[in-house]
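**Q** I have a structure here, written as structure tokens, and I will follow up with some questions on it.
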Amino acid sequence: MSDLTAGGQARSDSPDNAARAIITFFSHASPLLLLTLTLSSMAWRASLGPFHPTELIAPALIVAGWPFLEWSIHVWMLHYRPVTLFGRRIDFRLPQTHRDHHAAPWDLQRVFIPLHIFVLVPPLLLLGAWLILPTPELAANTLLFYFGLGLHYEWVHYLAHIRWCPDNRYYQRRVRHHRLHHFRNEKLWWGVSMGLGDRLLGTAPPSDSVNRSGSTGNLLEP
């Protein structure tokens, strides 16, 4: 994957083996919060009694929709460009942090989901699951899958920004595509933990067919 790091090199203190990668990953707040939310949802579900197969309906829909959710958030929220309305610049904190991430892709402090997201999103998900889904069992199982996929997203994204990657075809492919997004063209390869959205929406072409954009480090360039 060395041909994908022309925009910079991983820092010398970047994890270069599995043990260091895991320890460093869980030394950051976002993975710890997602792990806590996942385990809490699992404990909640376990406390509610025997599992019923119908509980897999909502989680199955989440898994099926996740590639497109991930794609849409990346395109429309993380790469949001500020607009001026009635003389006032309209911008948001989340895309600002993502621009910082593109400017310094090897800085692990800028890799993870910003903490202000956890103040809003998990409570809204909990409230929505409780109010919309018909049973507490289904609500708990749905949150378990959602937070588990969120934790997996963080792990895959993190792998793309360190020196070590598992010897696994799936992870190697995901890391390669995300590095193409960072170092070849920021308007392609939007999927991070899953690539189905890119494949179906035509945003993962062969890398040798795409020239370097020259603006991967500055998302506000035209």
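Coordinate-derived values only; no laboratory data. Being a predicted model, the structure only gives us computed values, none of them experimental. Cβ atoms come from the backbone with ideal geometry, glycine included; neighbour counts cover every protein chain shown.
**Q** Under 5 Å between amide H atoms, partner at least 5 residues away or on a different chain: which partners does Ala104 have, H built in plane at 1.01 Å?
**A** none
**Q** Which whole-Hz couplings ³J(HN,Hα) result when phi for each residue of segment 191-207 is put into the Karplus expression 6.51 cos²θ - 1.76 cosθ + 1.60, θ = phi - 60°, listed in order with x for Gly and Pro?
**A** x, 10, 7, 9, x, 4, x, 4, 5, 6, 9, x, 10, 9, x, x, 4
**Q** Testing the spin-label approximation: label points 7 Å from Cα along Cα→Cβ at Arg176 and Ile57. State their distance in nm.
**A** According to this spin-label approximation, the distance is 4.0 nm.
**Q** Could I ask something else about it? Could you tell me whether segment 37-78 comes out rounded, prolate or oblate from its Cα gyration tensor? Rule is a ≥ b ≥ c as square roots of the eigenvalues, rounded for a/c under 1.5, then prolate if a/b exceeds b/c, otherwise oblate.
**A** Details: a/c = 5.92, a/b = 2.01, b/c = 2.95.
Oblate.
**Q** Continuing with this model, one more query. First measure r as the distance between the Cβ atoms of Phe118 and Asn211, then evaluate 1/(1 + (r/R0)^6) with R0 = 35 Å and state the FRET efficiency to the nearest 0.05.
**A** Values: r = 38 Å, r/R0 = 1.08.
Given R0 = 35 Å and the Cβ-Cβ separation, E is 0.40.
**Q** Which angle from 0 to 90°, rounded to the nearest 10, does the C-alpha axis of helix 136-159 make with the longest principal axis of the chain?
**A** The helix 136-159 is inclined about 20 degrees to the chain.
**Q** Sticking with the crude label model, points 7 Å out along Cα→Cβ, report the distance from Glu221 to Leu48 in nm, one decimal please.
**A** My value for the distance between the label points is 4.9 nm.
**Q** Right, here's the next one. Full-extension gain between Leu78 and Ala10, please, as 0.36 nm times their residue separation minus the C-alpha to C-alpha distance.
**A** That works out to 22.2 nm of additional length.
**Q** Which entry in (i) 128; (ii) 150; (iii) 187 matches volume of the Cα convex hull per residue in Å³ derived from the coordinates of this structure?
**A** Looking at volume of the Cα convex hull per residue in Å³ for this model, the match is (ii).
**Q** Between 0 and 90 degrees, rounded to the nearest ten: what's the tilt of helix 29-46 against the longest Cα principal axis of the chain?
**A** Helix 29-46 sits at roughly 20 degrees to that axis.
**Q** Per-residue HN-Hα couplings for segment 70-79, Karplus 6.51 cos²θ - 1.76 cosθ + 1.60 at θ = phi - 60°, whole Hz, x for Gly and Pro?
**A** 4, 4, 5, 4, 5, 6, 8, 9, 5, 9
**Q** Residues in segment 160-189 near a label at Asp100, defined as backbone nitrogen under 15 Å from the 7 Å Cα→Cβ point?
**A** Counting backbone N atoms under 15 Å from the label point, the list is empty.
**Q** Can I ask one more? Using helices alone, I'd like the mean residue ellipticity at 222 nm for the chain: each DSSP H run of four-plus residues gives -39500 (n - 2.57), total over residue count, nearest 500. Could you put the intermediate results ahead of the total?
**A** Working: 8 runs with 115 residues, N = 222.
Helices in the chain give a 222 nm mean residue ellipticity of -17000 deg cm²/dmol.
**Q** What is the helix-to-structure angle for 169-183, meaning the angle in degrees between its Cα long axis and the longest Cα principal axis of the chain, kept from 0 to 90 and rounded to the nearest 10?
**A** 50
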